[in-house]
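Asks: Sending over a structure as structure tokens; questions will come in a sec.
The values are calculated or read from the model by the stated rules, or taken from the named source; none is laboratory data. On a predicted model such as this, the values are computed, not experimentally measured, just so you know. A quick note on method: Cβ atoms are made from the backbone with ideal geometry, for glycine too, and the neighbour counts reach across all protein chains shown. Quick note on the areas: whole protein, heavy atoms, side chains included, nothing else; ligands and nucleic acids left out. Shrake-Rupley method; radii C 1.70, N 1.55, O 1.52, S 1.80 Å.
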Amino acid sequence: MESVIKNSYPVTGMSCASCAGSVENILKAQDGVVNAQVNFASASVLVEYQSSEVSAEALKTALNGVGFDLMIEDDQDDVRQKLERQKIGELNELKSHVIQSSIFTFPIMIIAMFYMDLPYANWIMLGLSVPVIFIYGRRFFISAYQQVKIHKTNMDTLVSLSTGIAFIFSLFNTLFPEYWTHKGLEAHVYYEAATAIITFILLGKFLEEKAKLNTSSAIKKLIGMQPKTVIKVAQDGSEQQIPIKNVMKGDLLLVKPGEKIPVDGRVQDGSSFVDESMISGEPVPVEAVAGHAVFAGTINQKGSFRFVAEKVGSETVLSQIIKMVQEAQGSKAPVQKLVDKIAGIFVPIVIGIAIFTSIVWLIFGGEEAGTMAMLASITVLIIACPCALGLATPTAIMVGVGRGAENNILIKDAESLELAHKINALVLDKTGTITEGKPVVTDVIWLSDKEEEVTLKQILYSIEKRSEHPLAGAVINKLENEKIEAVEIDGFESITGRGVSATVNNVSYFVGNQALLKEQYASLSEGLKTKINALQDNAKTVIYFTDNKQVLALFAITDKIKDTSKQAIHTLREQGIDVYMLTGDNEQTAKVVADQVDILHYKANMMPDEKAKFVEELQKKGLIVGMVGDGINDSHALAQADVSIAMGKGSDIAIDVAKIALITSDLNLIPKALRLSKQTVRTVKQNLFWAFIYNLIGIPLAAGVLYAFNGFMLNPMLAAAAMAFSSVSVVSNSLRLKWQSIN
């Protein structure tokens with residue numbers, strides 16, 4: 001049986017955006033790969049593949065052949081630790097190479113600038129250049145060669161070409177200076193340019209890698225919520241501390257005061273208070289007693305308890321959150337796809353410009369044509385590096401997604417983050433979104449004979465226990481408090497948008513809303529209609545319990561409006577967003593709730609497919625529509641919306657469909673999510689502006705367009721320094737997102 005696997009793997013060996021494009025193309029070319037998205041900033045790839053046609057090992061082998069590697073180990077903890085160690089090792093090596101390269105480069109620059117008449121100056125500089133070029137700069141030449149093997153180019157192609165040309169030209173002039181002196185020209189050498197370029201670029205890479213490590217700090221914080229070890233209680237009562245990866249489902253685990261809960265489970269004995277703010281957003285700790293569910297990453301405050309592990313490893317809520325954030329950070333915003341295309345053709349175009357520049361200087365450069373041609377082409381190659389271009393979008397997305405996670409906003413893909421700030425129409429479901437979603441029965445009116453009540457309650461209880469609707473829970477709670485017991489029922493059926501039905505002793509019973517009542521032709525007396533209207537005027541939802549002939553009972557149910565709903569809706573309207581409320585509830589209840597939270601537009605008695613059609617109608621008017629919901633009945637509308645947002649504690653289906661999930665049920669997170677989107681998009685635009693404007697201005701200057709007017713030529717060393725720091729400035733600009741307020 002075919003199954004598509006979607007997983008995120010770290011990739012090593014990438015040095016620039018062009019490398020990321022190569023990795024992506026190589027993976028996409030493999031049979032069975034559905035899609036691959038490389039995130040250069042996080043050095044990872046999100047790949048979807050058919051396991052029946054290709055394996056992760058085969059993908060790894062395909063990349064190994066061209067100098068890249070895929071980390072595919074099953075144990076994600078081991079992968080993370082290995083990757084962390086590798087990154088720290090690379091950072092330390094870069095730091096060491098920068099220092100050592102500087103030690104050799106500095107005297108070369110002193111000699112080149114002040115002591116060119118020193119005896120054997122060229123030979124001294126040649127000797128000092130060799131370790132810089134062949135030891136510290138070796139990485140650029142190896143990477144460029146590997147790219148050539150697959151007919152690709154990258155940033156290292158530009159670096160190796162420029163430094164290689166400068167070094168070979170200088171070596172020739174050191175060995176055969178008479179070639180130029182016989183022509184009456186000086187045999188210039190450019191060892192200082194070649195070595196300074198490598199040293200500056202190494203320094204830039206070091207600063208860039210150091211900054212990039214900070215962009216994934218949100219993931220580190222989430223991972224840090226999980227303890228490394230846990231106390232397992234054996235059947236004989238003995239206790240043993242074991243690594244968390246060895247915990248199996250069904251294990252009995254002990255949690256002491258102050259410790260983090262290691263996996264998801266259920267309390268068996270003992271009691272305590274647990275800080276669940278990570279998942280619920282509620283600052284008040286909840287009491288954990290026997291039967292209470294506990295979640296990995298939450299903190300036990302007082303008391304000890306033992307619990308049975310129910311979800312371990314990647315199944316825990318915390319692991320799911322981590323995976324969701326990682327996938328979102330690895331996804332691509334639409335603007336990035338355009339940038340990738342530009343980056344893919346950028347290096348060949350730059351090489352073409354460098355060759356053209358060289359030809360023009362050779363033709364019109366006069367006596368120093370050869371030297372000027374070489375200097376100009378080297379400077380063009382150096383200053384046009386597309387590193388900043390490749391980092392502009394992914395670093396901003398990574399920081400934006402991480403910032404969202406820190407604020408209980410889980411963004412599942414970059415496209416939603418890019419689009420959310422454009423929302424100008426927001427559709428809210430009522431129950432569980434504007435209201436607390438914890439309905440309670442406030443009024444009951446039985447219309448049947450008193451002696452039949454108990455039997456009817458048993459039938460009603462049995463039917464409602466089979467229903468998944470939130471209002472059914474309120475009726476069940478009410479009847480359970482009366483110690484009502486269930487009976488056997490037949491032919492249970494859920495009637496979408498209306499209610500449920502079942503048969504008992506060949507009699508059909510129905511529980512549902514007014515639409516269902518009308519379908520069954522059950523009539524109501526005028527007195528009863530008056531009572532129902534009074535209940536609905538107080539924002540109470542009335543459900544009907546009927547058989548084929550008559551109404552047997554009415555239940556008035558109320559669902560308290562969340563304390564934060566009105567403020568959140570007010571904030572959204574202040575941001576210029578039209579807010580709509582859709583509900584399957586009746587007109588009166590919908591109107592009362594809409595009035596209480598200041599919503600001007602609402603629709604009552606909406607079926608699930610009608611909600612989706614309403615969203616579509618808004619889209620046809622040219623509006624960017626966001627849909628917020630929490631139930632299975634909202635899934636269709638969530639899928640239809642441009643940006644879908646699932647409320648915390650919503651159904652799994654709603655959270656799966658939605659592109660943004662709020663961990664808590666606080667509506668105030670929606671304006672925050674929209675502000676975060678705006679800030680992230682603004683940062684992407686700033687980054688792209690600086691990356692493009694830098695190249696647009698830098699390349700003509702490097703080619704020497706001002707030389708004919710004022711004799712200005714950009715020094716290759718300055719070009720190398722500017723290029724190196726352009727990437728650092730882009731990453732630093734993205735990191736600013738961390739400290740911008742979204743409140």
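Asks: Considering only the range 396-452, state which residues are outside any helix (DSSP H, G or I), within 18 Å of Leu737 (Cβ to Cβ) and not polar (S, T, N, Q).
Replies: Within the range 396-452, Ile409, Leu410, Ile411, Asp413 meet the criteria.
Asks: For residues that are under 30 Å from Gly400 (Cα atoms), part of a helix (DSSP H, G or I) and in contact (Cβ under 8 Å) with a residue 12 or more places away in the chain, tally how many sit in the range 324-360.
Replies: First, pick out the residues of the range 324-360 that are under 30 Å from Gly400 (Cα atoms): 324-347.
Those still in the list that are part of a helix (DSSP H, G or I) too: 324-330, 334-347.
This time we only want the ones that are in contact (Cβ under 8 Å) with a residue 12 or more places away in the chain, so: 324-330, 334-336, 339-340, 342-344, 346-347.
Number satisfying all stated conditions: 17.
Asks: Next question, about the same structure. Evaluate the range 119-142: report whether one residue or more is more than 29 Å from the chain's Cα centre (by Cα), closer than 30 Å to Ser8 by Cα, open to solvent by less than 50 Å² (accessible area, probe 1.4 Å) and without any contact (Cβ under 8 Å) to a residue 60 or more places away in the chain.
Replies: no
Asks: For the range 33-44, indicate whether the set of residues that are among the aliphatic types (A, V, I, L, M), in a helix (DSSP H, G or I), closer than 26 Å to Leu338 by Cα and open to solvent by less than 20 Å² (accessible area, probe 1.4 Å) is non-empty.
Replies: Residues of the range 33-44 among the aliphatic types (A, V, I, L, M): 33-34, 36, 38, 41, 43.
With in a helix (DSSP H, G or I) added as a condition, the list becomes none.
No, the conditions are met nowhere in the range 33-44.
Asks: Moving on to the next point. Is it the case that some residue within the range 525-548 is part of a strand (DSSP E or B), over 30 Å from Thr664 (Cα atoms), hydrophobic (A, V, I, L, M, F, W, C) and at pLDDT 85 or above?
Replies: Going residue by residue through the range 525-548, those that are part of a strand (DSSP E or B) are 541-547.
Okay, now just the ones that are also over 30 Å from Thr664 (Cα atoms), so 544-547.
Within this subset, residues satisfying the condition of being hydrophobic (A, V, I, L, M, F, W, C) are 545.
Cutting the leftovers down to at pLDDT 85 or above gives us 545.
Yes.
Asks: With Ala486, Ala534 as the choices, which residue is more than 23 Å from Lys591 (Cα to Cα) and over 43 Å from the mean Cα position of the chain (by Cα)?
Replies: Details: Ala534 fails: more than 23 Å from Lys591 (Cα to Cα).
Just one listed residue meets the conditions, Ala486.
Asks: Give the range 30-44 a look and list any residue that's touching a Phe, Trp or Tyr at 6+ places or on another chain (Cβ under 7 Å) and modelled with pLDDT of 85 or more, or say none. Steps first, answer last, please.
Replies: As a first pass, look at the range 30-44 and keep what is touching a Phe, Trp or Tyr at 6+ places or on another chain (Cβ under 7 Å): 32-34, 44.
Selection gives Gly32, Val33, Val34.
Asks: Conditions: (1) open to solvent by 60 Å² or more (accessible area, probe 1.4 Å); (2) touching a residue at least 24 places away in the same chain (Cβ under 8 Å); (3) not polar (S, T, N, Q). Pro227 meets all but one. Number of the miss?
Replies: Pro227 satisfies all of (1) open to solvent by 60 Å² or more (accessible area, probe 1.4 Å); (2) touching a residue at least 24 places away in the same chain (Cβ under 8 Å); (3) not polar (S, T, N, Q) except (1).
Asks: While we're looking at this one, here's another question. Applying the selection to the range 15-41, what residues are in contact with a strand residue (DSSP E or B) (Cβ under 8 Å, 6 or more places away or on another chain) and not hydrophobic (A, V, I, L, M, F, W, C)? Explain how you work it out, then say what you get.
Replies: Here is the first cut: in the range 15-41, the residues in contact with a strand residue (DSSP E or B) (Cβ under 8 Å, 6 or more places away or on another chain) are 20-21, 23-24, 27-28, 30, 32-39.
Residues satisfying the conditions are Gly21, Glu24, Lys28, Gln30, Gly32, Asn35, Gln37, Asn39.
Asks: Let me ask something else about it. For the range 11-29, what are the residues that are assigned to a strand (DSSP E or B) and modelled with pLDDT of 85 or more? Steps first, answer last, please.
Replies: Our first condition is that a residue be assigned to a strand (DSSP E or B); within the range 11-29, this holds for 11-12.
Val11 - this is the single residue of the range 11-29 that is assigned to a strand (DSSP E or B) and modelled with pLDDT of 85 or more.
Asks: Continuing with the same structure: Could you give every pair whose Cβ atoms fall below 6 Å, whose first residue belongs to the range 375-403 and is closer than 12 Å to Thr683 by Cβ and in contact (Cβ under 8 Å) with a residue 24 or more places away in the chain, and whose second residue is basic (Lys, Arg) and outside any helix (DSSP H, G or I), counting only separations of at least 6 or pairs across chains?
Replies: Filtered contacts from the range 375-403: no entries.
Asks: Out of the range 578-598, which residues are touching a strand residue (DSSP E or B) at 6+ places or on another chain (Cβ under 8 Å), open to solvent by 10 Å² or more (accessible area, probe 1.4 Å) and over 23 Å from Lys518 (Cβ atoms)? Show your work before the answer.
Replies: Within the range 578-598, the subset touching a strand residue (DSSP E or B) at 6+ places or on another chain (Cβ under 8 Å) is 578-583, 585-586, 589-591, 593-594, 596-597.
Going one step further and asking which of them are open to solvent by 10 Å² or more (accessible area, probe 1.4 Å), we end up with 578, 580, 585-586, 591, 596.
Correct list: Asp578, Tyr580, Gln596.
Asks: Any residue at all in the range 720-730 that is farther than 19 Å from Ala333 by Cα, part of a loop (DSSP other than H, G, I, E, B) and not β-branched (Val, Ile, Thr)? Break it down stepwise before answering.
Replies: Step one: list which residues in the range 720-730 are farther than 19 Å from Ala333 by Cα, which gives 720-729.
Among the residues that remain, those that are also part of a loop (DSSP other than H, G, I, E, B) are: none.
Checking the range 720-730: not a single residue is farther than 19 Å from Ala333 by Cα, part of a loop (DSSP other than H, G, I, E, B) and not β-branched (Val, Ile, Thr).
Asks: Consider the range 95-151. How many of its residues are under 21 Å from Gly164 (Cβ atoms), assigned to a helix (DSSP H, G or I) and at pLDDT below 90?
Replies: Number satisfying all stated conditions: 12.
Asks: Return the residue satisfying two criteria in turn: it lies in the range 152-191 and is free of Cβ contacts under 8 Å to residues at least 12 places away in the same chain and assigned to a helix (DSSP H, G or I), and of such residues it is surrounded by the most Cβ atoms within 10 Å (Cβ to Cβ).
Replies: Trp180
Asks: Looking for whichever is closer than 28 Å to Tyr509 by Cβ, modelled with pLDDT of 85 or more and either among the aliphatic types (A, V, I, L, M) or not in a strand (DSSP E or B) (or both) here; the options are Ile557, Ile599, Ile569. Which one fits? I'd like the intermediate steps shown before the answer.
Replies: Values: Ile599 fails: closer than 28 Å to Tyr509 by Cβ; Ile569 fails: closer than 28 Å to Tyr509 by Cβ.
That would be Ile557, the only listed residue that is closer than 28 Å to Tyr509 by Cβ, modelled with pLDDT of 85 or more and either among the aliphatic types (A, V, I, L, M) or not in a strand (DSSP E or B) (or both).
Asks: Residues being open to solvent by less than 20 Å² (accessible area, probe 1.4 Å) and closer than 30 Å to Asn408 by Cβ: count how many of those fall in the range 692-734.
Replies: The number of residues fulfilling the criteria is 3.
Asks: Next up: Quick one: in the range 361-373, which of the residues that are in contact (Cβ under 8 Å) with a residue 24 or more places away in the chain and surrounded by fewer than 23 Cβ atoms within 10 Å (Cβ to Cβ) is nearest to the chain's Cα centre (by Cα)? Please lay out each step first, then the result.
Replies: First, pick out the residues of the range 361-373 that are in contact (Cβ under 8 Å) with a residue 24 or more places away in the chain: 361, 367-368, 371-372.
Now restrict to residues that are surrounded by fewer than 23 Cβ atoms within 10 Å (Cβ to Cβ): 367-368, 371-372.
Numbers: Glu367: 57, Glu368: 54, Thr371: 50, Met372: 48 Å.
Looking at residues that are in contact (Cβ under 8 Å) with a residue 24 or more places away in the chain and surrounded by fewer than 23 Cβ atoms within 10 Å (Cβ to Cβ), I get Met372.
Asks: Checking Met225 against (1) within 30 Å of Arg138 (Cα to Cα); (2) of a type in the set (A, V, I, L, M); (3) in contact with a strand residue (DSSP E or B) (Cβ under 8 Å, 6 or more places away or on another chain): exactly one of these is not met. Which one?
Replies: In the conditions (1) within 30 Å of Arg138 (Cα to Cα); (2) of a type in the set (A, V, I, L, M); (3) in contact with a strand residue (DSSP E or B) (Cβ under 8 Å, 6 or more places away or on another chain), Met225 misses (1) alone.
Asks: Which members of the range 469-512 meet the condition of being part of a strand (DSSP E or B) and among the small types (Gly, Ala, Ser)?
Replies: From the range 469-512, those part of a strand (DSSP E or B) are 490-495, 499-504, 507-512; that's our starting set.
Scanning the range 469-512 gives Gly491, Ser494, Gly499, Ser501, Ala502, Ser508, Gly512.
So that you can scan it fast, the table gives a plain yes or no per residue for (1) at pLDDT 85 or above; (2) assigned to a helix (DSSP H, G or I); (3) buried (at least 21 other Cβ atoms within 10 Å of the Cβ):
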residue: Ser635; (1), (2), (3): no, yes, yes
residue: Ile645; (1), (2), (3): yes, no, yes
residue: Gly650; (1), (2), (3): no, no, yes
residue: Ile653; (1), (2), (3): no, yes, no
residue: Asp656; (1), (2), (3): no, yes, no
residue: Ala661; (1), (2), (3): yes, no, yes
residue: Leu667; (1), (2), (3): yes, no, yes
residue: Ile670; (1), (2), (3): yes, yes, yes
residue: Ala673; (1), (2), (3): yes, yes, yes
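Asks: Related question: Restricting attention to the range 322-341, does a residue exist that is more than 27 Å from the chain's Cα centre (by Cα) and not β-branched (Val, Ile, Thr)?
Replies: Step one: list which residues in the range 322-341 are more than 27 Å from the chain's Cα centre (by Cα), which gives none.
No, there is no match, as no residue in the range 322-341 is more than 27 Å from the chain's Cα centre (by Cα) and not β-branched (Val, Ile, Thr).
Asks: Could you list all residues from the range 448-470 that are among the aliphatic types (A, V, I, L, M) and open to solvent by 30 Å² or more (accessible area, probe 1.4 Å)? Walk me through it before giving the result.
Replies: Here is the first cut: in the range 448-470, the residues among the aliphatic types (A, V, I, L, M) are 454, 456, 459-460, 463.
If the condition is that a residue be among the aliphatic types (A, V, I, L, M) and open to solvent by 30 Å² or more (accessible area, probe 1.4 Å), then Val454 is the only one that fits.
Asks: Could you tell me which residue of the range 408-446 is farthest from the chain's Cα centre (by Cα), considering only residues that are at pLDDT below 85 and farther than 28 Å from Ala396 by Cα?
Replies: The qualifying residue farthest from the chain's Cα centre (by Cα) is Pro439.
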